[in-house]
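Please treat every number below as a calculation from the coordinates, not as lab data. Because the structure is predicted, anything quoted here is derived from the model rather than measured. With ideal geometry, Cβ positions are generated from the backbone for all residues, glycine too; neighbour counts draw on all protein chains shown.
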Amino acid sequence: MTAPPIAAGLRFSCLGSGSEGNALLLEWGADSGTPLRGLIDCGLTLKELELRLQGHGLLARDLDFILVTHEHGDHLGGVGALARATGLPVFLTHGTHHAAPADSLRGAELVFVKPEQSFDLCGLSILPVPVCHDAREPVAYRVDAGEARLGVVTDLGMGSAMLTEAFQGCRALLLEFNHDLEMLQRGEYPPKLKARVAGDYGHLSNRQAADLLESCLHDGLHTIVAGHLSQKNNSPDHVRSAVEHLALGDRFAIAEASSGLPWTVI
Ligand SMILES: [Zn+2]
Ligand SMILES: [Zn+2]
């Protein structure tokens with residue numbers, strides 16, 4: 001069997017980021033004919049996803065697959081309906097499947113991925129990378145299209161040497177900047193929830209995210225997108241001040257919760 005050609009021209013667009021629903025659109029291979037497209041997570045309703053795809057002149061049936069990071073509703077909530085409507089294959093870990101709400105993935109074609117084992121998909125090389133988060137078997141994804149490398153790292157309580165190693169050499173990185181620790185501690189969340197969010201299996205604070213980013217930083221990393229900002233415990237100003245010392249200039253952008261970000265070529 002001949003291997004598919006290495007994909008070229010990878011680009012991505014964030015369709016939604018945060019607790020109201022995550023979805024990241026990938027497109028590649030337009031140079032060599034028909035572009036291919038994939039989604040990482042779908043925490044949006046089918047109707048909402050279709051609206052946001054329309055903004056790019058696309059329909060749900062223009063997608064080729066869905067990669068899922070973990071079972072929380074803001075990542076998985078819309079996957080079943082999308083898969084049933086389009087027949088798209090859904091890639092996920094066994095743990096995510098077991099922990100998914102009963103029947104949520106009924107009728108979907110499931111393909112199981114293993115953390116730390118890369119696989120080829122439509123000309124891309126995909127590496128699921130384990131993360132510490134309060135889900136059964138959550139992963140971040142590294143996507144390679146020839147020379148172009150994208151990292152998508154959201155929903156994790158802390159960085160690790162494994163993450164730093166896996167995300168070296170990225171040209172673009174979508175990274176969770178979930179909360180400002182002081183805002184979280186002073187805010188209105190009940191103590192148990194504060195402990196969960198700030199814990200090792202919760203979400204990254206701006207400071208933790210900046211440290212992880214710094215460990216992956218190199219001259220070729222031209223696009224850094226801060227995502228999954230808490231609406232109650234963070235603000236774009238807090239995020240920007242957390243990375244000020246890294247002098248990122250126009251390499252740095254913040255994904256809006258509902259409008260996301262336009263296409264970025266990797
Ligand atoms: Zn999330
Ligand atoms: Zn989560």
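Of all DSSP beta bridges confined to the chain, the antiparallel ones make up roughly 55%.
Given Cβ point charges of +1 (Lys, Arg) and -1 (Asp, Glu) and nothing else, what value in debye, to the nearest 20, does the dipole of the chain about its Cα centre take? Write out the running numbers ahead of the final one.
Working: 20 positive and 32 negative charges, 73 e Å.
I would put it at about 360 debye.
Dividing the helix sum by the residues of the chain, where each DSSP H run of 4 or more adds -39500 (n - 2.57), gives a mean residue ellipticity at 222 nm of -6000 deg cm²/dmol.
Find the all-direction average of the projected area of the Cα convex hull for the stretch 102-161, expressing the result in square nanometres with one decimal place.
Numbers: hull surface 21.5 nm².
That works out to 5.4 nm².
Note on residue 215 and residue 241: their simple-model spin labels are 2.6 nm apart, each label 7 Å out from Cα toward Cβ. Pair-distance distribution P(r) for the stretch 48-106, from all Cα-Cα distances in 10 Å bins starting at 0: 23, 54, 21, 2 percent.
Farthest toward the positive end of the dipole of the chain, out of 45, 163, 28, is the Cα of 45, where the dipole comes from beta carbon charges about the Cα centre.
Distance from the Cα centroid of the stretch 157-201 to that of the stretch 221-251 is 13 Å (rounded to whole angstrom).
With a 10 Å radius around each residue's Cβ, average the other Cβ atoms per peptide and rank 36-44, 89-97, highest first.
Numbers: 36-44: 25.2, 89-97: 20.8.
Taking the mean over residues of other Cβ atoms within 10 Å, the ranking is 36-44, 89-97.
Each label was represented as a point 7 Å from its Cα along the Cα-to-Cβ direction; for residue 117 and residue 222 these points are 3.5 nm apart.
Reported to two decimal places, what Rg/Rh ratio describes the stretch 51-201 when computed on Cα atoms with Rh from the Kirkwood expression?
Details: Rg = 16.6 Å, Rh = 16.8 Å.
The Rg/Rh ratio comes out at 0.99.
Computed from point charges on the beta carbon alone (+1 for Lys and Arg, -1 for Asp and Glu), the dipole magnitude for the stretch 101-218 about its Cα centre is near 200 Debye.
Please give me the summed charge of the neighbours of residue 239: other residues whose Cβ is under 13 Å from its Cβ, Lys and Arg +1, Asp and Glu -1. List each step's numbers first, then the result.
Numbers: positive: 207, 240; negative: 176, 180, 237, 244, 256.
Neighbourhood net charge equals -3.
Overall, the ratio between the Cα radius of gyration of the stretch 162-266 and 2.2 N^0.38 Å, rounded to two decimals, is 1.08. Of the peptides 174-184, 113-123, 130-140, the order by per-residue mean of other Cβ atoms within 10 Å, starting with the highest, comes out as 174-184, 130-140, 113-123. The amide H of residue 132, built 1.01 Å from its N in the peptide plane, has 157, 158 as neighbours under 5 Å, considering only residues 5 or more places off or on other chains. Charged neighbours of residue 129, selected by a Cβ distance under 13 Å, balance to -2 (K, R count +1; D, E count -1). Note on the stretch 87-137: the alpha carbon radius of gyration divided by the globular reference 2.2 N^0.38 Å gives 1.21. Binning all Cα-Cα separations of the stretch 133-211 at 10 Å, short to long from zero, yields these whole-percent fractions: 18, 46, 26, 9, 1. How big, in percent, is the set of alpha carbon pairs in the stretch 192-254 lying more than 14 Å apart? Counting pairs separated by more than 14 Å, the tail of P(r) holds 58 percent.
Over the Cα atoms of the chain, compute the convex hull volume and normalise it per residue, giving Å³.
Working: hull volume 32.8 nm³, N = 266.
It is 123 Å³ per residue.
Just so you know, the Cα atoms of the stretch 1-124 work out to an Rg and Dmax of 14.1, 42 Å.
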